[in-house]
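Peer 1: Please see the structure below; I have some questions.
The values are calculated or read from the model by the stated rules, or taken from the named source; none is laboratory data. Computed from a prediction, not measured in an experiment: that's the story for all the values here. Virtual Cβ from ideal backbone geometry, glycine too; neighbours counted across all protein chains shown. Areas reflect the complete protein model, heavy atoms only, side chains present, ligands, DNA and RNA absent. Shrake-Rupley method; radii C 1.70, N 1.55, O 1.52, S 1.80 Å.
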Amino acid sequence: MKRGCTQCGECLRVCPVYQQFSREEYAPKGKRLLLEPLHEEFAPAHDQDPELDWEHIKELARLCAGCGKCQQACARKLSTADLLSDVRAQHPDWTQHFWSLWIKHMGPMWPSLGMLASLVPGWVAPKGLRPSLDSAKAMVNKHRAKPWVHIAKGPEAKVDTDTPVVIFQGCTAKNIRPQWTQKARELLRAWGYVVKDDSGFNCCGGTMHTAGLYDTMHEMQQKNIDYWRSLGRPRIAVFCASCHHALAAYAESPLQGEEAEQWKACLTPLSALLKDARWSNTEAKPELYGYHQPCHWGEDRDMPFLREILPGLVKGSGSCCGMGGILQITNPELSRNMADTCMQGFPRQARNILTGCSGCTIQLTAAAPEGITVHHWLDVVELS
């Protein structure tokens, strides 16, 4: 039997939900004490407390953004988010079915829904509905930044042109920010890569794992793997930290053995493929700007590239943006409060915020105070 939580309290130091409430029952440690007795991996059926069930604890236990910070801090590397996903899978409800519908079938409608939300004056909407309306408005594709930096392949750059590349664009770019994918294609081709058609990929499935929708997640994973195989197993360029995190998990399941190792070797952040760039900053680049490091990077894979081409980068406090997948509908107010806390972690003079995660971009755009604009780094990079 896997050993459970030791109640050491390290998770309290990093958990963004605990930081909102400062009460231990909201921390990963508190959630584990509730959830482990319900999970056969930690407590065999004959040891479970019959008085403890999901209906009693779900309102408290569901307050999780799935950022993974607790697992990074835990000496045993226990993931409370994974444990919560398992229990959600055992006790499905309407929020999971709606989330599946939203991701799988409503993506093409996101821009239209965002436009409709933009027509609703803020003072008309009930307070509890405002975070959801702000999130919908953030899906409107209206912020087109002037380029901050012009880049080109440097003469010393060595590119493996024998290995084709396919872009994994993810749901956000596919449905509401197509310019990111187009920019990624232009950059890769300028470096000399052979870029394959990416239209056969679907959602990475990471958000379905958070929601406990394992069957849907496995279906998405298998479709992506089959498409990768059909292309001849090319390198996969990813410009979203959360997508990269979810795709990396394929090497643990469902992929196995040599093919799992091949998948890991092929999965590459887009920025890592743009080596030895020749660059020049433009007048549009601010002297100071904030940078939000996505939780799912762990060690930020975009940072070396961005520090080189964009001087003036100042990291935020490192707080989770609160995107949280299904948290958007189970507790939109908490999600928004976490985003507000994240925004407060940047210097006041920073009127522009960059990040390298599609979900973080939309979440922080929804929470950004007037006069502050949030961009994915692809928004401000242009070929010279």
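Peer 1: Are there helices (runs of 4 or more DSSP H) fully within region 270-331 with at least 3 residues that are at pLDDT below 95? List them. If you could, list the steps in order and put the result at the bottom.
Peer 2: Values: elements: 270-273, 303-309, 327-330.
So the answer is 303-309, 327-330.
Peer 1: Hey, any hits in region 224-240 for a residue that's part of a helix (DSSP H, G or I), surrounded by fewer than 16 Cβ atoms within 10 Å (Cβ to Cβ) and hydroxyl-bearing (Ser, Thr, Tyr)?
Peer 2: Yes, because at least one residue in region 224-240 is part of a helix (DSSP H, G or I), surrounded by fewer than 16 Cβ atoms within 10 Å (Cβ to Cβ) and hydroxyl-bearing (Ser, Thr, Tyr).
Peer 1: Name every residue in region 310-331 that is farther than 14 Å from Gln363 by Cβ and in contact with a helix residue (DSSP H, G or I) (Cβ under 9 Å, 6 or more places away or on another chain), in order of residue number.
Peer 2: Correct list: Leu310, Leu313, Lys315, Ser317, Gly318, Thr330.
Peer 1: Filter region 183-195 down to the residues that are open to solvent by 20 Å² or more (accessible area, probe 1.4 Å) and in a helix (DSSP H, G or I) and list them by number.
Peer 2: Lys183, Arg185, Glu186, Arg189, Ala190
Peer 1: Starting from residues that are open to solvent by 30 Å² or more (accessible area, probe 1.4 Å) and touching a strand residue (DSSP E or B) at 6+ places or on another chain (Cβ under 7 Å), keep the ones in region 162-182 and report whichever is modelled with the highest pLDDT.
Peer 2: Filtering first and then ranking leaves Pro164.
Peer 1: Right, next: I'm trying to understand the selection: among the residues of region 249-261, which are under 23 Å from Asp302 (Cβ atoms) and open to solvent by less than 40 Å² (accessible area, probe 1.4 Å)?
Peer 2: Matches in region 249-261: Tyr250, Ala251.
Peer 1: May I pose another question? How do the pairs read when you match residues in region 311-328 that are at positive phi with residues anywhere that are among the aliphatic types (A, V, I, L, M) and surrounded by fewer than 22 Cβ atoms within 10 Å (Cβ to Cβ), using Cβ under 6 Å and keeping only pairs 6 or more apart or on different chains?
Peer 2: Correct list of pairs: Gly312/Leu288.
Peer 1: Six or more apart or on different chains, Cβ under 6 Å: which pairs go from a residue in region 1-27 that's modelled with pLDDT under 85 and polar (S, T, N, Q) to one that's assigned to a helix (DSSP H, G or I) and surrounded by 12 or more Cβ atoms within 10 Å (Cβ to Cβ)? Could you list them?
Peer 2: Matching pairs, first to second residue: Gln7/Lys29.
Peer 1: Every residue in region 125-178 that is on the phi > 0 side of the Ramachandran plot and hydroxyl-bearing (Ser, Thr, Tyr), please.
Peer 2: Keep residues of region 125-178 that are on the phi > 0 side of the Ramachandran plot, which gives 170.
Those that are on the phi > 0 side of the Ramachandran plot and hydroxyl-bearing (Ser, Thr, Tyr): none in region 125-178.
Peer 1: Counting only residues that are in a helix (DSSP H, G or I) and within 21 Å of the chain's Cα centre (by Cα), which one in region 8-37 is nearest to Leu83 (Cα to Cα)?
Peer 2: Pro28
Peer 1: Quick one: in region 315-333, which of the residues that are farther than 18 Å from His292 by Cβ and not polar (S, T, N, Q) is least open to solvent (accessible area, probe 1.4 Å)?
Peer 2: Taking the candidates together, the pick is Ile326.
Peer 1: Assess whether Pro254 counts as being in contact with a helix residue (DSSP H, G or I) (Cβ under 8 Å, 6 or more places away or on another chain) and in a loop (DSSP other than H, G, I, E, B).
Peer 2: Answer is yes for this residue.
Peer 1: Are there any helices (runs of 4 or more DSSP H) wholly within region 65-106 with 1 or more residues that are of a type in the set (Val, Ile, Thr) and either without any contact (Cβ under 8 Å) to a residue 60 or more places away in the chain or buried (at least 19 other Cβ atoms within 10 Å of the Cβ) (or both), and if so which?
Peer 2: Result: 80-90, 94-104.
Peer 1: Assess whether Arg301 counts as being touching a Pro at 6+ places or on another chain (Cβ under 9 Å) and over 17 Å from Cys357 (Cα atoms). Break it down into steps so the answer makes sense when it comes.
Peer 2: Details: touching a Pro at 6+ places or on another chain (Cβ under 9 Å): yes; over 17 Å from Cys357 (Cα atoms): no.
Answer is no for this residue.
Peer 1: In addition: Among the residues in region 334-345, are any open to solvent by 50 Å² or more (accessible area, probe 1.4 Å), part of a helix (DSSP H, G or I) and basic (Lys, Arg)?
Peer 2: yes
Peer 1: To continue, here is another question. Quick one: what pairs do we get from region 196-208, first residue open to solvent by 20 Å² or more (accessible area, probe 1.4 Å), second not in a helix (DSSP H, G or I), C-beta under 6 Å, 6+ apart or different chains?
Peer 2: Matching pairs, first to second residue: Lys196/Pro164; Lys196/Val166; Lys196/Leu231; Lys196/Pro234; Thr207/Gly325.
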